[in-house]
Amino acid sequence: MKLDHVIEAQQFDRDLLEVVFNEANEMEKIAYSGGSDILKHAIMATVFYEPSTRTRLSFESAMIRLGGRVISTENAREFSSAAKGESIQDTIRTIQSYADIIVLRHYQSGTAKLAEKIAQIPIINAGDGAGQHPTQALLDLYTIKESFIKIDGLSVAMVGDLENGRTVRSLAYLLAKYSDVKIVFISPDFLRMKDDIKQHLDKHEIPWEECDDLREIAPQVDVIYMTRIQRERLIERPGDYEKARGKYIVNRAVVDSMKDKSILLHPFPRVDEISPDVDVDPKALYFSQIQNGIFIRMALLKMCLIGYQH
Ligand code: CP
């Protein structure tokens, strides 16, 4: 069995999530023992219309660690023929002649789904505007699972720009697959989580609440998932950006208030929302989270291009 595409978090059910996590676990061993050549005949195209450090480079590293090759346009908005007016449809139709899989980041929500409909090769959504970032959510959940083993019963606080954050949207979809999970959305009232996610959680009987006080919630939850206030998505609302910027900062006092077994995650990049002096705290797992991105993405490439046992 193969994964056709990776477009949105809700395409993964619990069984498939277990497969991804088991594959990632195997990939961890492969990565630490010098890599593999299972994808030696495969070419991956990374097509990024928005900036990235982690997603693009970890996918490229993942492909190389599995023996594959990479072609890339890292600033497709400026340096691909999109700059001359080419449609995304024509770009995808073209690139599929050159590669076996496309990892696509785009500034418009829904573009990965559009690409999936056209492409005859797998498309992996590496972030579509304020839509979703499913591979990030998979590595987030993998990191949570490494800490707690069981995801059922956990309480998770998502903090920051929840209106524009695609990572929190995808993570909420994944958490909705589990039982007795509780989500607290912490944001200014003008950057609240959108209604479609709240309705999805209601439908799956996942309790959620909203508040704007991180210090009050920090001692109560198992996971704090910080996010950045996204200046690039608030260009037309500079007043909101200025009001939100710096509102939520995890410093030593916040980390000390967390339960002993609680963890602090962040998809990165961070700006000022986590003080670097807490990086060494055992609760701060965001660098392990970044490392886990390699294993999850190796697993996804293998599951798309070679297949998996279900
Ligand atoms: N977390 C994440 O998507 O990071 P990049 O924007 O650097 O890829």
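The values are calculated or read from the model by the stated rules, or taken from the named source; none is laboratory data. Since this is a predicted model, take the numbers as computed values, not measurements. With ideal geometry, Cβ positions are generated from the backbone for all residues, glycine too; neighbour counts draw on all protein chains shown. Accessible surface areas use protein heavy atoms only, side chains included; no ligands, DNA or RNA. Shrake-Rupley method; radii C 1.70, N 1.55, O 1.52, S 1.80 Å.
Where the Cα atoms of region 50-208 are projected onto their three principal axes, how long is each span, largest first, in whole Å?
Each principal axis gives a Cα extent; for region 50-208 these are 46, 37, 26 Å.
Using 0.36 nm per residue of separation minus the Cα-Cα distance, give me the extension gain between Met1 and Asp90 in nm, one decimal.
29.2 nm
Short version: ³J(HN,Hα) in whole Hz for each residue of region 49-57, in order, from phi by Karplus 6.51 cos²θ - 1.76 cosθ + 1.60 (θ = phi - 60°), x for Gly and Pro, what are they?
Each residue of region 49-57 in turn: 8, 10, x, 7, 10, 5, 5, 5, 5 Hz.
With springs connecting C-alpha atoms under 10 Å apart, model the chain as a Gaussian network and identify which of Gly67, Gly131, Gly34 has the largest mean-square fluctuation.
Gly34
I want to make sure I understand the PRE zone here: with the label point 7 angstrom from the Cα of Ser97 toward its beta carbon, which residues in region 114-158 have backbone N atoms less than 16 Å away?
Under cut-off, by backbone N: 119-121.
Please give the solvent-accessible surface of Phe287 in Å², to the nearest 10, using a probe radius of 1.4 Å with every protein chain present.
Estimated to the nearest 10 Å², Phe287 gives 100 Å².
Once the other residues with Cβ under 12 Å from the Cβ of Ile249 are scored (Lys, Arg +1; Asp, Glu -1), what is the net sum?
+3
Express in Å², to the nearest 10, the accessible area of Ser80 obtained by rolling a 1.4 Å probe over the protein heavy atoms while all chains stay in place.
20
Let me cross-check Arg93: its accessible surface, 1.4 Å probe, with only protein heavy atoms counted, in Å² to the nearest 10?
Arg93 exposes around 120 Å² with every protein chain in place.
Tell me the relative contact order for region 134-289 as a rounded percent, counting alpha carbon contacts under 8 Å between residues six or more apart.
The value is 24 percent.
Running a GNM on the chain with Cα contacts under 10 Å, which residue among Thr55, Thr73, Thr135 ends up with the highest mean-square fluctuation?
Thr73
Could you run the Debye sum over the Cα atoms of region 134-289, one equal point scatterer each and no solvent, and tell me log10 of I(q)/I(0) at q = 0.18 Å⁻¹, two decimals?
The Cα Debye sum returns log10 ratios of -1.08.
Lys and Arg at +1, Asp and Glu at -1: add these up for the other residues within a Cβ distance under 11 Å of Glu8 and post the number.
Around Glu8, the surrounding residues sum to +1.
Hey, how much of the P(r) for the chain falls beyond 24 Å, as a percent of Cα pairs?
52
At 0.36 nm per residue, and after removing the present C-alpha to C-alpha distance, how many nm does the segment from Asp256 to Glu146 gain when stretched out fully?
The span from Asp256 to Glu146 would gain 37.4 nm if fully extended.
Tell me which lysines have Cα within less than 20 Å of Lys40's Cα, excluding those fewer than 8 residues away on the same chain?
Lys2, Lys29, Lys302
Add +1 for every Lys or Arg and -1 for every Asp or Glu among the other residues with Cβ under 15 Å from the Cβ of Glu146, and state the total.
Around Glu146, the charge tally is -1.
Which of the lysines could a cross-linker span from Lys150 if the Cα-Cα distance has to be under 18 Å and same-chain partners fewer than 8 positions apart are dropped?
Partners within reach: Lys177, Lys182, Lys259, Lys261, Lys283.
Heavy atoms only, probe 1.4 angstrom, no DNA, RNA or ligands counted: give me Ile121, Ile64, Ile274 ranked by accessible area, highest first.
Ile64, Ile121, Ile274
For region 101-139 and region 200-249, compute the distance between their C-alpha centroids and round to whole Å.
Cα centroid to Cα centroid, the span is 24 Å.
Suppose only helical runs count, i.e. DSSP H with n ≥ 4. What mean residue ellipticity at 222 nm does that imply for the chain under -39500 (n - 2.57) per run, divided by all residues and rounded to the nearest 500 deg cm²/dmol?
Result for the chain: -11500 deg cm²/dmol, rounded to the nearest 500.
Pulled fully out, how much extra length does the chain show between Asp15 and Glu209, if you take 0.36 nm times their separation in residues and subtract their Cα-Cα distance?
Here the answer is 67.1 nm.
In terms of Cα to Cα distance under 15 Å, which aspartates and glutamates are near enough to Lys247, apart from those fewer than 8 places away along the same chain?
Asp161, Asp189, Asp212, Asp213, Glu216, Asp272, Glu273
Under a 10 Å cutoff between Cα atoms, tell me which one of His200, His106, His266 has the largest fluctuation in the Gaussian network model of the chain.
Evaluated over the chain, the most mobile residue of the options is His200.
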